Structures are given as C-alpha cells and as structure tokens.
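The values are calculated or read from the model by the stated rules, or taken from the named source; none is laboratory data. What you are looking at is a predicted structure, and each value in this text was computed from that prediction instead of being measured. All Cβ positions, even for glycine, are placed from backbone atoms using ideal geometry, and neighbour counts span all protein chains on display.
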Amino acid sequence: MPGKGELSAIRHVDTFSLVSGELRVDPAVLAATCSSLSAAAAHLLKQLQTLDSQVEGMLTSWRGQSGGTYKEAYVMWSTGADEVEKGLAIMADLLGHAGTEFGAQDDAARAQLDGLHG
C-alpha cells in the first residue's frame, strides 16, 4: 500500500474550485495529485506482478477441478485489477497534461497583461 503521504494530495481536491464558470486550480496541488496517482499506479502494478507470480507458482502444483476454477476466478479478478491500475496511470497522465495546459494558459495570460502594462 502506498505510504501515508503518497495519497495525501488527493484529499486536497477541495482546493480546485469552480467560481462563476471558471476553474481555479492550485498548480502545486495538481502536481502533487498527479504525482500521488502515478505513485499509486506504480505501487499497484508492482504488487499485482508479485501476486501474479505467487499465484502462478501455486497453480503449477494445484491439480483438479478446484485449481482450474480458482484460476478462472483469479484471471477475471486480475483483469479487473489491471484495469484499475491502467485507469490510475491514465488519470495521472491526463492530469499532467491538464497541468501543462493550465500553466501555458496562465503564462499566455500573464504575457498579455504584461504587454498592456509594459
């Protein structure tokens, strides 16, 4: 399981606010959330790989119908767990891209304002 601090940024989602149709985002919180999601996805992937290896080893010696039934159920569970990991990784990637876009928009707006005042 990720360390206590690794997912703490997710609790700060309330610093994202929608005010009169504008989305206000704290870039530091967005970056921390992105990092937390990436760390969670990487940790989950590592744990799933370890579990897959252990289950594979167990199933090589497990004979009979119960072993086959367990394997079928495990494959379905593992597929779902893989989808969760991929979802976390995709969310982290999309948040990273959103952060880059927000930063670029802020920089462009700042440059326009500087042009008016400069």
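Odds and ends about this structure:
- Selection within the range 69-100: residues that are within 14 Å of Leu51 (Cβ to Cβ) and of a type in the set (Ser, Thr, Tyr). The member of this set that is surrounded by the fewest Cβ atoms within 10 Å (Cβ to Cβ) is Thr79.
- Any hit, the range 26-34, residues being under 26 Å from the mean Cα position of the chain (by Cα) and either more than 29 Å from Asp106 (Cα to Cα) or surrounded by fewer than 13 Cβ atoms within 10 Å (Cβ to Cβ) (or both): yes
- Considering Leu116, Leu45, the condition of being in a helix (DSSP H, G or I), among the hydrophobic types (A, V, I, L, M, F, W, C) and modelled with pLDDT of 85 or more is satisfied by Leu45 alone.
- Some residue of the range 57-65 being touching a Cys at 6+ places or on another chain (Cβ under 7 Å) and surrounded by 10 or more Cβ atoms within 10 Å (Cβ to Cβ): no
- With respect to being more than 30 Å from Glu56 (Cβ to Cβ), of a type outside the set (A, V, I, L, M, F, W, C) and in contact (Cβ under 8 Å) with a residue 40 or more places away in the chain, Gly115 falls outside the description.
- Flag for Arg63 being farther than 16 Å from Leu37 by Cβ and not in a helix (DSSP H, G or I): yes
- Within the range 56-75, the set of residues being over 30 Å from Asp93 (Cα atoms) and β-branched (Val, Ile, Thr) comprises Thr60, Thr69.
- Just one of the listed residues (Asp106, Asp52) is part of a helix (DSSP H, G or I) and closer than 23 Å to Ala31 by Cα, namely Asp106.
- Hey, Lys71 farther than 16 Å from Leu23 by Cβ, in contact with a Phe, Trp or Tyr (Cβ under 9 Å, 6 or more places away or on another chain) and in a helix (DSSP H, G or I) or not: yes
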